[in-house]
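Notes follow once the structure below has been shown.
No lab work stands behind these numbers, since they all come straight from the coordinates. This one's a predicted model, so the numbers in the text were calculated from it and none came from an experiment. In this analysis, Cβ positions are derived from the backbone assuming ideal geometry, glycine residues included, and neighbour counts consider all displayed protein chains.
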Amino acid sequence: MLSNPEQDSKFFKQYLTTWFNIGLDNPIIIKFDDPPFTEDCFYESISLKMLIAGISNSWSFGEAASYKDHCLIFIESGTNKWLYIKGDTPIGVYTKEQIIILLHQFESIDVIIKDLLTSDIKYWSATDIAHIINQHFYKISLDEIQASLDKQNYFVKDFSGITHYSLIA
């Protein structure tokens, strides 16, 4: 799913040393020793879709995935948190779901919702989706989210009278 760091990429070559140094400046990352945090910990994705799919897999602390000038360094397993770096600027520490929204901030709401539904949380209600999107980056109405959910062919399950959506049955 992710390519080898030797892959020829303008952004990867341009930012690898910068991302590594930002990681070294992070007090959590510099503690990693199994495996040790090195430039060999960085992998490049050839598409945004592959990056998002890649961060859904198992990672070791300090491993990093990138796409263009976006870099994600895995730093916490219990809550699945990543240090997000854009270009040469550390943006912050986010969960995978928050990163999906960050990376898609100029995409359609349909793309964001589909990628959220591929995350570790199996079922999402329209309210949950609206909350995480509005809490972090967008201002979108529950009606817009519901309209997007209704036009897709998602699996539906009822939990205590609230409809939840999933990509898998």
Using alpha-carbon coordinates alone, the radius of gyration and Dmax of segment 10-95 in Å work out to 11.5, 33
Exposure-ranked with fewest Cβ neighbours within 10 Å first, LYS49, LYS10 stand as LYS10, LYS49
Ranked from fewest to most other Cβ atoms within 10 Å of their own Cβ, CYS41, CYS71 fall in the order CYS41, CYS71
Taking a straight Cα-to-Cα line shorter than 16 Å from LYS151, and setting aside same-chain lysines fewer than 8 residues away, one finds LYS114
